[in-house]
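Read the structure below first, then the notes.
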Amino acid sequence: MGLVRRGTYDAGIWAGVLRDYPSIPEAFAPDDVVIDVGCHTGSFAEVACSRGARAVFGYEANRENFALAVINLAGHRSAHLANVAIWRSDVAPTRLRFTPHPLDENTGGGSVLFDDERASSRHHDLSPEVWEPLSSAGPHDRLSAHEVETLPLDDALRPHRRVRMVKIDAEGAEFPILLTSAELGRVEAVCGEYHQFSDEQMANLPPQSVVGGARYDWPLLAGFLEDRGFVVHATETVGGRGLFAAERPARR
């Protein structure tokens, strides 16, 4: 297990990585490339490096999580990390605001979907009475809110002729990230977490986080991936989210 913070979900995330992503190969081929979108403190990337991937590119929007990922993956020469937010591919790179999850212990729950922390709080169904005391916590108590550079997913994919696996855990941003990609033909497998949005939650999103007019849910994402040649599987949605794996039927 890597370096984790007491009183947070960090240790649970490290302990549960193989349970959450059972489609990760037991061993990667020597030329395999893995892209980890939302690498948090490095748990998934560490498995991919340890199982022989030639190069693992980890992208993390939050600067505190990124700093821990750098420490946790320092022993892996195949790990390449960047403190950027992977984002939609139909717009030029920009800067977005990273907002932490309103609950301090949920260090993996932050997102660039929202303009500010109050919008994030409304999305997570936390009332102002809950949000106000959280908002007064010092920077040592919780992840910081800050601006971060974005990188379109397609810009991360284009340098590679073939990408063995993309893992994505982007707290709802999987929709603008995947739905605008034109380079998924390079990718053999995708795994990650998906979120189900209510109509009210969709209305709470700023324009830059909305793609098309459909509500973000699993059927929308599954249909998109199937149309691009993937066979998809998903866990049952619990608490508005679930896990999925998508692989091309013709394997090497």
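At-a-glance table
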item	result
Estimated [θ] at 222 nm from DSSP helical runs (n ≥ 4, -39500 (n - 2.57)) normalised by residues in the chain, nearest 500	-7000 deg cm²/dmol
Kyte-Doolittle mean at least 0.0 and Cα axial length at least 30 Å: DSSP H helices in the chain	none
Listed peptides 196-208, 99-111 by packing density, highest first (mean Cβ within 10 Å)	99-111, 196-208
P(r) histogram, all alpha-carbon pairs of the stretch 1-106 included - 5 Å bins from 0, percent	2, 12, 21, 23, 20, 12, 7, 2, 0
For the chain, with +1 on Lys and Arg beta carbons and -1 on Asp and Glu, the positive-most of Y59, G213, V163 along the dipole	V163
Quarter of the Cα convex hull surface for the chain, i.e. its orientation-mean projected area (nm²)	12.6
Bridge type composition, the chain - antiparallel percent by DSSP, nearest 5	45
C-alpha center-to-center spacing [the stretch 1-34, the stretch 195-245] in angstrom	23
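Computed from the coordinates by the stated procedures, all read-outs in this text should not be read as laboratory data. What you see is a predicted model, and the numbers here were worked out from it, not measured in a lab. All Cβ positions, even for glycine, are placed from backbone atoms using ideal geometry, and neighbour counts span all protein chains on display.
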